[in-house]
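The values are calculated or read from the model by the stated rules, or taken from the named source; none is laboratory data. Quick caveat: nothing in here was measured; it's all calculated off a predicted structure. No Cβ is skipped: glycine too gets one built from the backbone with ideal geometry, and neighbour counts run over all protein chains shown. The area values use the complete protein model at the heavy-atom level, side chains included, leaving out ligands, DNA and RNA. Shrake-Rupley method; radii C 1.70, N 1.55, O 1.52, S 1.80 Å.
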Amino acid sequence: MAVMPNAVPPSRPAAERCFHCGEAVPTGTTYPIRFADQDRPACCRGCQAVAQTIIDSGNADYYRLRTDLPKTPEAALDELKQLKLYDLPEVQQSFVKSEGDVREANLILEGIVCAACIWLNERHLRQLPGVLAADINFSTHRARVRWDNSRIELSHILQAVQEIGYLAYPFDTGRQEALFRKERETAIRRLAIAGLGMMQVMMYAIPLYMARANTMTSDVQALMRAASMLLTTPVVFYSAWPFFLGAWRDLRLRRAGMDVPVALGVGAAYAASIYATFSGGSVVYFDSVTMFVFFLLTGRFLEMNARKRSAEAAESLVKLIPAAAIRLPNWPDSREEEIAAAAKLVPGDHVLVGPGEGFPADGSVAEGESSVDESLLTGESHPVRKRHGSPIIGGAINLSSPLVVMVEKIGADTVLSGIVRLLDRALAEKPRLALAADRVAGWFVLGLLVIATTVAVYWFFVAPERALWITVSVLVVSCPCALGLATPVALTAAMGRLTRMGLLATRGHALETLARATDFVFDKTGTLTTGEFRLITTHIVRGDRETALALAASLEQGATHPVAVAIRAAAEHPGHSASQLRYLAGQGIEGVIDGHPYRLGSPAFIVAEPPPLPADLTLVGLADQAGVIAWFGLGDELRAQSAELVDSLKAMGVRLHLFSGDRSANALALAGRLGIDDARGGMLPENKLDAVKALQQTGAIVAMTGDGVNDAPVLAQAQVSIAIDQGAEAAQAAADMVLLSSELSRLADGVAIARKTQGIIQQNLAWAVLYNVAAIPAAALGYVTPWMAGIGMSLSSLLVVLNALRISRPSQKPNAGRLR
Amino acid sequence: MDILYLLIPISLVLVAFIALILLWAVRNGQFEDMEGPAYRILMDDDSPVSNPEKSDDEQKKEAN
């Protein structure tokens, strides 16, 4: 990201934009912020408090340095009590290292959008009395904090971060993390040794190459060779060791991997050079060996980082569960609180989750109402309202007010673990294309060994002194890595990107098939629509909407059928009490409110001509003795973005079908509204199955989109199936992909990414073939020295990896992605 | 040319020394964050705000 020197909102729009977060300032509110002797507007008390804290603590430069606007801080500023949890020794033991009073913990920081945030957080933390050190890793958004526990407690540190508008919580660095760090350190060490060796050996090699005949005594020459040998030895036996190990493993399993030619090349060149050093032979290849190893290690190191970045999406999920929870052991009799480690909760426990905290397990709301951020789990960017009985996903963040949650599922049974397992499965299953590439690479290496032997034998008879390095060049220059690397790197990158968007691939082949899909089949209810009966339009004949709805809701007070539920949900004040209620099955309900009789029901029941409302709505009329008061049109509401999804898929040239179990009229009306040409209603699951089979017989590759449960057989029949789901049942879904996000249009993005991935894999394979066809003959003819071969091979691998990484970067919306 | 008899061994010693420094740096986590320092250099201002609550020696410690 380019660092723009000035991200202070310019002064004119500052009149209506919040100085801190850039949101529009609601009219009639004043939350002034004092900045550079001027009053600037803020949109809410949260922004005002955060901005004032930042400015008062002497960090006003943040507003000059930042390149991106922060999120509006949630009003979670005074929840010190909740943070106190983290001060307890039993909670701290999982993530805090302590030496006496000096303690150290890793924190995850949320809300970091640009480099200035890092600067601000570091400075703010370091200003706290008692904080000994605070370092924030720019790439991972994690902070390592050391503090003196006798002077400041962890909860105060966390609160200090909240005060400037970010969220911090400690996490257990876990075994995976530790392993990766060790692996990375080893890789850097090997790389460093190889790089140093390469540079110094080159210093000795250049005089050997450049010196004119007889200017260098054979003593000096021997000394230089000996020094080169001394430096090359650790490069071969330490830096290049993984290649030898890999080759040995491959040979034992009787397959030809990519390490085999590399190990052969390095080994042969090194052995020949040692022989030449001691026997006073003509040429040594120490420079080529070190350079080759260095380039290869560089390629592997970059690849390792790329993989890690792709896998991060899955890993970040695991760390969402907080370490501790407030348990209410005697709820609802008393609100006595006790602290429990999240891992020790059992189903049936009640826990209190305050605003700004994560939910420790899956469960349902037992008390309270709040909005919840599930974005990391579902990709859903808007907070979700939760009220009594709403399901809660462990790892989601409670935003506005405290909730009492009954724990229902813990540990491996939770949605979060399910998602992680699905991801693991998808990553473990190799797609067909990758399998094919692996097989090809195997044959390729075998072929290469045969060619190398032939070349060696040929040159041994033609020009024995060149035979060795030509053979080494042939072994080295070929790049089976590009073949073997091209596909997996691209797929990992694509999966990481999709997961962050809320579209989870649970099968290895899903991406590949999605890219080739020619026909999309949608289910109606629960897929293109929300699946809930809701009041969609009201047509008022007399009076106003509020009153009419209140009357209708009062009549439907005790009823449980969908129409009643929908009307009650729409009415804000059910107010009146109705008496003498009489329910007539299939027609309607009548009753008396305030002495006046009312009727609510079908057009026939209230004897009136209905107004022209869309055909797919169920009409209910409200009437009194004087006639009709209002008409209510109830229906299954379209999901937001259904239309957008249909449009983008059509633009991609995909044929669309709507197979619904609902009445034909409804299906047709909906399809007409969305612009889907082929709509069929009244279909039983077996009809849908047959229809999909019929499509497939015409050669179509069918992607089936359904809600995962009742569409199971059809989902299984389609080449690729996508379950639309709100998270809860995601873990059980048998589908190849699960859309966790409620934003339907992500599906179209998914298709676009799948196609891009496919394209990039093909580019990579094409490059690998082209490169090898050109490079191997050139090397066999002796035009390529071993070090040139090393560069060629490494560049080729690197090109493939970098090309694949293009997938993980969003191509549009430059400000939307997080800085990573 | 005789100087080479001395220079080459010295260069070897130097390389070994640099290698040790590099290994020490890796062990100390100097390579953990490869992006941050590039930005940090732009942010660092030369006049740190003094914090009245802090003792002088602490400020010194943090400056390191």
Next item on the list: Ignoring everything but the protein chains, give the 1.4 Å probe accessible area of A:Lys650 in square angstrom, nearest 10.
Entry: 90 Å²
Check: Under a 5 Å amide H to amide H cut-off, with H placed in plane at 1.01 Å, what residues pair with A:His576 once short-range neighbours are removed?
Finding: none
Notebook entry, point to check: Under the Karplus relation 6.51 cos²θ - 1.76 cosθ + 1.60, θ = phi - 60°, what is the ordered set of whole-Hz ³J(HN,Hα) values for the stretch A:495-507, x standing for Gly and Pro?
Noted result: 5, x, 5, 5, 4, 5, 7, x, 10, 9, 8, 9, 10
Check: Whole-Hz Karplus ³J(HN,Hα) for the stretch A:655-664, in order, using 6.51 cos²θ - 1.76 cosθ + 1.60 and θ = phi - 60°, x for Gly and Pro?
Finding: 7, 10, 9, 10, 10, 10, x, 6, 4, 4
Checklist line | Long-range HN-HN contacts of A:Ile629 with modeled amide H, under 5 Å | finding: A:Leu622, A:Ala623, A:Asp624
Item checked: Cα→Cβ-extended label distance, 7 Å offset, between A:Asp39 and A:Glu110, nm -> 3.4 nm
Check: What FRET efficiency comes out for the pair A:Asp219/A:Leu770, r = Cβ-Cβ distance, R0 = 45 Å, nearest 0.05?
Finding: 0.40
Check: In nanometres, what is the gap between the two model label sites at A:Glu609 and A:His596, each 7 Å from Cα along Cα-to-Cβ?
Finding: 2.4 nm
Margin query: Summing both sides, how much accessible area is buried between B and A? Use a 1.4 Å probe and give Å² to the nearest 100.
Written below: 3400 Å²
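Classify the stretch A:577-696 as rounded, prolate or oblate from the Cα gyration tensor: take a ≥ b ≥ c as the square roots of its eigenvalues, call it rounded if a/c is under 1.5, otherwise prolate when a/b beats b/c and oblate if not. Spell out each step's value before the answer.
On the way: a/c = 3.62, a/b = 2.49, b/c = 1.46.
Taking the square roots of the gyration eigenvalues as a ≥ b ≥ c, the stretch A:577-696 is prolate.
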Note to self: On a full-extension model of 0.36 nm per residue, what is the gain between A:Glu369 and A:Leu88, subtracting their alpha-carbon distance, rounded to one decimal in nm?
What the structure shows: 98.3 nm
Checklist line | Inter-site label distance for A:Lys97 and A:Arg542 at 7 Å from Cα along Cβ, in nm | finding: 7.9 nm
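Any chance you could run the full-extension gain for A:Ile339 through A:Thr233? It's 0.36 nm times the residue separation minus the Cα-Cα distance, nm to one decimal.
The A:Ile339-A:Thr233 span can extend by a further 32.4 nm.
Between A:Arg146 and A:Ala133, what is 0.36 nm times their sequence separation minus the Cα-Cα distance? Round to one decimal in nm.
4.2 nm
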